[in-house]
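Please read the structure below before turning to the comments.
Laboratory data are not the source of any read-out in this text; all were calculated from the coordinates shown. All values reported here derive from a predicted model rather than from experimental measurement. Cβ placement follows ideal geometry from the backbone for every residue including glycine, while neighbour counts extend to all protein chains displayed.
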Amino acid sequence: MDIPKVKEVMFTKVFSVTTETPFIEAANILLKNNFNGVPVVDAAKRVVGILTDFDVIAKASKIHLPLFMRLMTDHDADEIPEEVKNDVKELLNLRVADVMNNDPLMLSEDSTLEQAVSIFEMHHRVNPILVINSGRALVGVLARSDIIRFYTNSTRAGASSKVTDRDAAQFIREFHSNITQITRKFKIWFWAGASLFIIIILGAFLLFLNLLSSVIQNAR
């Protein structure tokens, strides 16, 4: 029994953006698809970075929260301070390159699933991991849920047959142990709560930005 490779388990229908994609557009992709991150690629589909929900929230908090508080304390909506307009313009002009993580974790498509599990164990906040080929081109992404789904399906399919290969049996025991540790560390309620929090924050961020843009247009 061969140890499964990442390319056998990864998700291949991947959204991606470029460094020149508007920040707001990329944030919308994350929000509408409930993604944790979106790969950033060049014209040859080579990975140059990743934009995560943490990157979006951090940038939104740095620029948007002070702006929001300023408007909340300024009751004269017909006279928007010039510095506020500049902040909005800065936000609208941001590109993915200004916000992204340009050193993302990546896996080769030929890496083993065991190696992928080890990386997830060492980097608890990373999900998904970008998968590349020998030319560094993006070929897929691997999430924790992909590994758990693969393991669950494999266990179900092999339940009626006895494993006789000692190496394969050892791998299954170790793999099961790793998966158990991961599922204990990342309980379903935690990820559900984290996802809901991120959706609420991003939703409020984009809604406020749209409203603010309308106010500025009307004030001109």
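Things to note:
- Cα→Cβ-extended label distance, 7 Å offset, between ARG46 and ASN210, nm: 3.8 nm
- Proxy reagent accessibility, fewest Cβ within 10 Å first, across ILE129, ILE119: ILE119, ILE129
- Förster radius 30 Å - calculated FRET efficiency between PHE11 and ASN86 (Cβ-Cβ, nearest 0.05): 0.15
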